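Novice: Take a look at this one; I'll ask things after.
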Amino acid sequence: MVSNTFRGGVHPDGHKALSRELPLREFLPTGEMVFPLQQHIGKPAKPIVKKGDPVLAGQCIAEADGLFSANIICSCSGTVKAIEKRRTLTGAMLESVVVDNDGKFTPIEGMDVREDVAGLSGNEILRRIQAAGIIGLGGAGFPTHIKLSPRDPNSIRHIIANGAECEPYLTCNDQLMRTQADAIAEGLELMLKLFPNASCTVAIEKNKPEAIEAMRKAVAGKARMKVKVLEAKYPQGGERSLISVVAGINYPAAKLDQPILPADVGCIVQNVGTVYAIQRAVVYKEPLFSHVFTLSGDAVKQPGNFIVRDGGSFAELLEFAGGLKEGVELKKALAGGPMMGISMPSLDVPIQKMNNGLTLLADDPNERAEEQMTACLRCGRCTTVCPIGLMPQLLADAISAGDLERYEKKLFGLECIQCGSCTYICPAKRPLMQIFKQTKAEIMAQRRARSGGGKA
Amino acid sequence: MNTVLNLSSSPHARDKWTTSFIMRMVLLALLPATVIGIIVNGLNALLVVAVSVASAVVAEYLFDKLCHKPDTYLDGSAMVTGLMLALTLSPDVPVYIPIIGSLFAILVVKCCFGGLGKNFVNPALAARCFLLISFGTTMTRFQVDGISSATPIALLNTGKAVNITSMFLGTANGVIGGSVLALLVGGLFLWGLEIIHGEICFSVLGAFAVVMGLFGGQGFDAKYLAAQLCGGGVVLGAFFMATDYATSPVSKLGQMTYGILIGALGALFRLKGGAADSFSYSVIIGNLFVPLIDMYVVPKPYAYRLLSKRKWDAAYKQPFLKRVPRPVIVLTVITLIAGLALSGVFTMTKDTIDEQKEMAARAAYKVVCPEADTFASTAAIDQALADLNGQVYGSDFGRAYIDEAYAGLDAAGQTVGYVFKVTSADGFDGNITLAVGMNAEGALNGISFTQLNETPGMGMRVDEPAFKGQFEGRSVAKFTLNKAGGSTTDEEIDSVSGASTTSGAVVNAVNAALDFYRSAVKGGM
């Protein structure tokens, strides 16, 4: 039997109707633009401009420093105002290039000219992706050219384009697939060139019939491509869930302390937004400085889907869209959706590459959950929903008993992907995933201390 | 826009279900059984339910206040405990019974062990067992239309026919929550909502039915199994007691292990133990195994279930002694030593014990045949006993066995009477063995028990002169049991009130002895 979903998972209220039918609108910010030098995992990029330099839209203003780093691209034309620490969405102050936007958005030369890419070599494709500063737009910020350069490209069997969009409120990838299906299909073809033994699957949750239809049309007649319709369930768009459904492979997070990556089991997962960015970068030489974005939430007057420029502020986007509902006090702002999103202390921070949404809530579910918290009932709902097959309730017991050995070895606590399904479902409103996150950090710190001590 | 917004870790969404919602659903599921219980049993049942629920809530309220804990008394869990306790009680109990039960359940079993989710056994069942031990007679007094009689399970244990329909609907004699139909409706409702785990309730019912079928002596007879499943709180236990979150395992495999353990124990207790309340005890024993099950039955994450053992060992190899936890080794050693010591003592004392038993038997014979100096067998008796070959005696005496029979001889060697050692397997709590003595003319001298393990205050009262004295000096062909009391003829024996099973077993045993006397002794002469 072919399954269309993974084991476990939850069905949070999607709230997609707020914005799913609204077409993508371009948002062009004004005033100063802020480009943090670290928008990816790995080291911050090194700035290659200085104060007073004129810049153009699409120009690289900071170069990757080290393997897991990525280029930073300016999204507007103007002059560099400063290179200084600026507040970012997590509240942290990060070294950033600040550009005074002249409002003209003059692009660098050669962009927007379609190039015939049929004869392009794999290395050239990878070089263009790297130059475009593309990182995974799903949220983790893993540089794409690294992901596409596994040790053995011939071992890759599955390329999965992630159009699941299981996160509540977000609909921008839905709109992107409806409008840019052919471009996404072309991006996939470019990726298939890199992996001779792979076939490609576009995975879409069944609550997006228009996107499914559009993608089916786009891949029709293409030999190594198909669309797979998945059940609408969170975390369907998680890397491991997708690999489980599409390739039928469940793999551990690590073996002998070495993390196992999707490429190690013959899979590569890319968000459809990333695939689109790859197509733009390779075919049009357009680097990554704009992307699709959903503004939604019950505090927003007019939700919508946008094409935003990196570096513009969240606050300005909200104003552009029509602001908050009258009489509503904003309690919570989330970069992303409610399940995986990061809560922001303020909206006056720049939009970064991997931000695909802003969810504004008039009510704080976590505040309410704290009021309703009771002792653990041991109802076992967390065990039922865990997509990895862990037992969150026993994990929490092990933590409160201080038994990290049992947590790690017997209960496999480090396998947790921090999807938050257990916290979501818990009727006692206990912050399960949050303590697993802390414990993982603690265990990792202990390990580092041990190995570090050995070296010193 | 300058104020700092709320910050917290993801996820920023929560399911609608809360603790008190789940508790309300459990209450709702128990409602049909409660309503039918009140309709069938009348206002006293309503009183028991109300008092039980109210005192559970008050107990938790007082504990919260006295211990300065956050208020938890309204989360619904205390109400569930109170209601479950009430459903396991007879509608005829005095009002102090549910009060004491609820206080014990909430204060001792729940709050003292850490409150919600921390109780080590099911509070309602623990309270019921506590009440059974403390107020045995009061707790097991069941009446229908003012006449006390045995519960269907007690009848079933003695091999009698029962009315399955009335058991299923809940109109039979028994506890308030006796309507199997209503409990099934509630239980399946909770299962449908995924509030209770099907792994538990269905493995309890399945294991119970299988063990009953294998060892119940009636095979897999649908009617017999249905009657056993419908009686004695099996359905209430399977759907509402065994599924208690705090005292059931977390993993699916653990839940099935636990369910099978409870179901099998419940059936074995009922068959071999004979106590009508056996199911409560089997659930409680199951509860006690939960920490052990949760400690060792931990399924691997999906990713590891598909790995081969070789790959698994490579990733997570541990030496054997490290994998077997120290307490297991220590406990095994202690158990072995204790077992060896016990069997040693048993072997050394076996002969002495047998001698003592023999002397006790002789003393019992002397009591019921005081004129005899010695007891000797006759050829006719030996032949008759050999013919019986240890089988159940006759067909009219239940499961009665003639163990021994002797002629009593005086100093001159004259026969002055006869003694018969009879065992009935129909006791409420195992076998009853008694010596029946008669004079040379066949009139009864009396009876004396050599083995009697009945319920104190109930079945044990057959050993009081008021009951066993009734047999003395009577010379009849066959006795009959009068459950209502106030007998007038020689043939009738007044039952011990509330212990008709035990009384009936004794009367059957005496009748068997009388019959054996007629056929083997008198007829053989």
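A short reminder: the numbers here are calculations on the coordinates, not readings from a lab. These numbers were taken from a predicted model, which means no experiment stands behind them. Here Cβ is always computed from backbone atoms with ideal geometry, including for glycine, and neighbour counts include all displayed protein chains.
Novice: How would you rank B:Met84, B:Met458, going from fewest to most other Cβ atoms within 10 Å of each one's own Cβ? All intermediate terms of the calculation are to be shown ahead of the outcome.
Specialist: Values: B:Met84 27, B:Met458 20.
Result, fewest neighbours first: B:Met458, B:Met84.
Novice: Express the C-alpha Rg of chain B as a ratio against the empirical globular expectation 2.2 N^0.38 Å, rounded to two decimals.
Specialist: 1.20
Novice: Moving to a separate point now. Using all C-alpha to C-alpha distances in region B:439-518, build P(r) with 10 Å bins and read off the rounded percent in each one.
Specialist: Percent of Cα pairs in each bin: 18, 56, 24, 2.
Novice: Cα atoms only: what Rg and Dmax, in Å, come out for region A:157-255?
Specialist: 13.3, 42
Novice: Taking a temperature of 20 °C and a viscosity of 1.002 mPa s, what whole-number D in µm²/s does Stokes-Einstein yield for region A:1-79 with Rh from Kirkwood over alpha carbon pairs?
Specialist: Numbers: Rh = 16.6 Å.
Result for D is 129 µm²/s.
Novice: Continuing with the same structure: Ranked by Cβ crowding within 10 angstrom, fewest neighbours first, how are B:Phe479, B:Phe130, A:Phe289 ordered? Spell out each step's value before the answer.
Specialist: Values: B:Phe479 21, B:Phe130 16, A:Phe289 26.
Result, fewest neighbours first: B:Phe130, B:Phe479, A:Phe289.
Novice: Distance from the Cα centre of region B:258-272 to that of region B:390-444, in angstrom?
Specialist: First find each Cα centre; the distance between them is then 35 Å.
Novice: Consider just the alpha-carbon atoms of region A:369-455 and return their Rg together with their Dmax, both in angstrom.
Specialist: 13.8, 48
Novice: Let me know the shape class of chain A, please: from the alpha-carbon gyration tensor, a ≥ b ≥ c as square roots of the eigenvalues, rounded when a/c is under 1.5, otherwise prolate if a/b is greater than b/c, or oblate. Working shown, then result.
Specialist: Working: a/c = 1.37, a/b = 1.22, b/c = 1.12.
Judged from the Cα gyration tensor, chain A comes out rounded (a/c under 1.5).
Novice: Here is a follow-up. Per residue of A:414-421, count partner chain C-beta atoms within 10 Å of its C-beta, then hand back the mean as an integer. Intermediate results must be reported in sequence, preceding the final value.
Specialist: Values: counts 0, 5, 1, 0, 3, 2, 6, 2.
That works out to 2 on average.
Novice: Oh, and also: Would you calculate a helix-derived [θ] at 222 nm for chain A, using -39,500 (n - 2.57) for each DSSP H run of n ≥ 4 and dividing by the full residue count, to the nearest 500? Walk me through the numbers before you get to the answer.
Specialist: Numbers: 13 runs with 126 residues, N = 456.
My calculation for chain A gives -8000 deg cm²/dmol from helical runs alone.
Novice: Can you sort A:Tyr284, B:Tyr393, B:Tyr418, B:Tyr296 from fewest to most other Cβ atoms within 10 Å of each residue's own Cβ?
Specialist: So the ranking, lowest neighbour count to highest, is B:Tyr296, A:Tyr284, B:Tyr393, B:Tyr418.
Novice: What translational diffusion coefficient, to the nearest whole µm²/s, does region B:19-296 have by Stokes-Einstein, given a Kirkwood radius computed over alpha-carbon pairs, a temperature of 20 °C and 1.002 mPa s viscosity? Provide the component values of the computation, followed by the final result.
Specialist: On the way: Rh = 18.4 Å.
Estimated diffusion coefficient is 116 µm²/s.
Novice: Could you work out the equivalent-ellipsoid semi-axes for region B:172-242, taking the square root of 5 times each eigenvalue of the Cα gyration tensor, largest first, in whole Å? Walk me through the intermediate numbers first.
Specialist: Working: eigenvalues 93, 47, 15 Å².
Listed largest to smallest, the semi-axes of region B:172-242 are 22, 15, 9 Å.
Novice: To continue, here is another question. With a point put 7 Å past each Cα toward its Cβ, work out how far A:Thr90 is from B:Asp403 in nm, to one decimal.
Specialist: If labels sit at A:Thr90 and B:Asp403, their model points lie 8.0 nm apart.
Novice: Which three extents, in whole angstrom, do the alpha-carbon atoms of the protein assembly as shown cover along their principal axes, largest first?
Specialist: 137, 60, 58
Novice: What is the Cα centroid distance between region B:467-487 and region A:230-251, reported in whole angstrom?
Specialist: Measuring centre to centre over Cα atoms gives 78 Å.
Novice: Specify the inter-centroid distance of region B:86-100 and region A:384-431, based on alpha-carbon positions, in whole Å.
Specialist: 41 Å
Novice: If you filter region A:247-304 for trypsin sites (Lys or Arg not before Pro), then keep DSSP loop positions with at most 10 other Cβ within 10 Å, what is left?
Specialist: On the way: sites: A:Lys255, A:Arg280, A:Lys285, A:Lys301; in loops: A:Lys285, A:Lys301.
Those that pass, being in a loop and sparsely packed, number zero.
Novice: In chain B, which whole DSSP H runs stretch at least 18 Å along their own axis (Cα) and average 1.0 or higher on the Kyte-Doolittle scale? List each step's numbers first, then the result.
Specialist: Values: long enough: B:19-41 (32 Å, 1.90); B:43-66 (34 Å, 1.61); B:198-215 (25 Å, 1.98); B:252-268 (24 Å, 1.10); B:278-296 (27 Å, 1.21); B:326-368 (58 Å, 0.69); B:500-516 (23 Å, 0.74).
Answer set is B:19-41, B:43-66, B:198-215, B:252-268, B:278-296.
Novice: Among A:Lys43/A:Lys85; A:Lys46/A:Lys440; A:Lys147/A:Lys206; A:Lys440/B:Lys118; B:Lys366/B:Lys522; A:Lys193/A:Lys226, which pairs are too far apart, with a Cα-Cα distance over 24 Å? Present the calculation step by step, with values, prior to reporting the outcome.
Specialist: Numbers: A:Lys43/A:Lys85 16 Å; A:Lys46/A:Lys440 31 Å; A:Lys147/A:Lys206 27 Å; A:Lys440/B:Lys118 26 Å; B:Lys366/B:Lys522 21 Å; A:Lys193/A:Lys226 16 Å.
Beyond 24 Å: A:Lys46/A:Lys440; A:Lys147/A:Lys206; A:Lys440/B:Lys118.
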